[in-house]
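A.B. asks: Structure incoming, see below.
Please treat every number below as a calculation from the coordinates, not as lab data. Nothing here was measured: the structure is a model prediction, and the numbers come from that model. As a convention, Cβ positions derive from the backbone with ideal geometry for all residues, glycine included, and neighbour counts pool all protein chains shown.
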Amino acid sequence: MFKKILAVEDFESASISVQKALLDLKISEEKTSFVHYCDEAFALFQKSIAENFPFDLIITDLSFEEDYKLQKLKSGIELITEIRKILPEVKILVFSGEKRPKKIKPLFDDLKIDGFVSKGRMDVQDLKKAIKT
């Protein structure tokens with residue numbers, strides 16, 4: 001499966017869904033980093049590249065609520081765009097509340113994401129299926 005996973009989610013409840021899916025798949029916590037901001041995620045991503053042990057799966061939301069902390073990268077789309085410039089082959093799974101196909105399709109076509117899971121009733125089950133796939 002995956003050796004190193006980066007999960008980027010600003011809301012704790014959604015982050016818990018990601019954690020549950022990974023635990024159910026028996027992916028150890030040592031293999032996973034969880035962050036709340038895109039800038040923080042990108043810094044960890046760059047560090048993993050510098051250490052020659054890059055993340056091989058990125059799980060990110062699309063929307064991030066602004067707060068007191070100023071951010072350069074303000075959305076999952078911006079984060080994915082920057083990651084793709086450095087490591088185009090990394091697997092990216094989007095976990096979002098977005099439901100509109102005309103917003104989701106360009107993620108596959110333009111950003112070449114590997115999967116999309118909508119937040120909702122069965123999101124942990126759907127996340128597990130997407131990660132396995």
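A.B. asks: Starting from the Cα of Asp109, step 7 Å toward the Cβ, then list every residue of the stretch 54-69 with an amide N under 11 Å from that point.
C.D. replies: none
A.B. asks: Can you check what the Kirkwood hydrodynamic radius comes to for the stretch 12-67, Cα pairs only, in Å to one decimal? Before the final figure, lay out each step's value.
C.D. replies: Working: mean 1/r = 0.0799 Å⁻¹.
By the Kirkwood definition, the hydrodynamic radius is 12.5 Å.
A.B. asks: Roughly speaking, what is the stretch gain from Lys47 to Arg121, that is 0.36 nm per residue apart minus the C-alpha to C-alpha distance, in nm to one decimal? Please report the intermediate quantities before stating the final value.
C.D. replies: On the way: separation 74, 0.36 × 74 = 26.64 nm, distance 3.50 nm.
Additional length available on full extension: 23.1 nm.
A.B. asks: Do the sum for the chain: with -39,500 (n - 2.57) for every DSSP H run of n ≥ 4, divided by all residues, what is the mean residue ellipticity at 222 nm, to the nearest 500 deg cm²/dmol? Before the final figure, lay out the partial values.
C.D. replies: Values: 5 runs with 56 residues, N = 133.
That calculation yields -13000 deg cm²/dmol at 222 nm.
A.B. asks: Let me ask something else about it. To check you understand DSSP bridge types, tell me what percent of the beta bridges within the chain (both residues inside) are antiparallel, rounded to 5. Please list the in-between numbers first.
C.D. replies: Details: 1 of 17 bridges.
Antiparallel: roughly 5 percent of the beta bridges in the chain.
A.B. asks: What size of dipole, in debye to the nearest 20, comes out for the stretch 1-52 about its Cα centre when the only charges are +1 on Lys and Arg C-beta atoms and -1 on Asp and Glu C-beta atoms?
C.D. replies: Working: 6 positive and 9 negative charges, 66 e Å.
Around 320 debye, computed over the stretch 1-52.
A.B. asks: As an exercise, use a Förster radius of 25 Å and the Cβ-Cβ distance of Lys102 and Lys31 to find the FRET efficiency, rounded to the nearest 0.05.
C.D. replies: 0.10
A.B. asks: Write down the Å³ per residue value for the convex hull defined by the alpha carbon atoms of the chain. Walk me through the intermediate numbers first.
C.D. replies: Details: hull volume 14.2 nm³, N = 133.
Measuring per residue, one finds 107 Å³ for the Cα hull of the chain.
A.B. asks: Working from the alpha-carbon coordinates of the stretch 47-124, get Rg over Rh, Rh being the Kirkwood radius.
C.D. replies: Values: Rg = 13.3 Å, Rh = 13.6 Å.
When Rh is taken as the Kirkwood radius, the ratio is 0.98.
A.B. asks: Right, something else. Thinking of the stretch 86-133 as a set of Cα atoms, what percent of all their pairs are more than 13 Å apart?
C.D. replies: Details: 647 of 1128 pairs.
Every Cα pair in the stretch 86-133 considered, those over 13 Å come to 57 percent.
A.B. asks: Spelling out what I want: for every residue of the stretch 89-99, take phi, set θ = phi - 60°, compute 6.51 cos²θ - 1.76 cosθ + 1.60 (Karplus), and round to whole Hz; glycine and proline get x.
C.D. replies: 8, 4, 6, 10, 10, 9, 10, 9, x, 4, 10
A.B. asks: Which value, in debye to the nearest 20, describes the size of the charge dipole of the chain about its Cα centre when Lys and Arg Cβ atoms bear +1, Asp and Glu Cβ atoms bear -1, and nothing else is charged? Mind dumping the intermediate values first?
C.D. replies: Details: 23 positive and 23 negative charges, 115 e Å.
The dipole of the chain has a size of about 560 debye.
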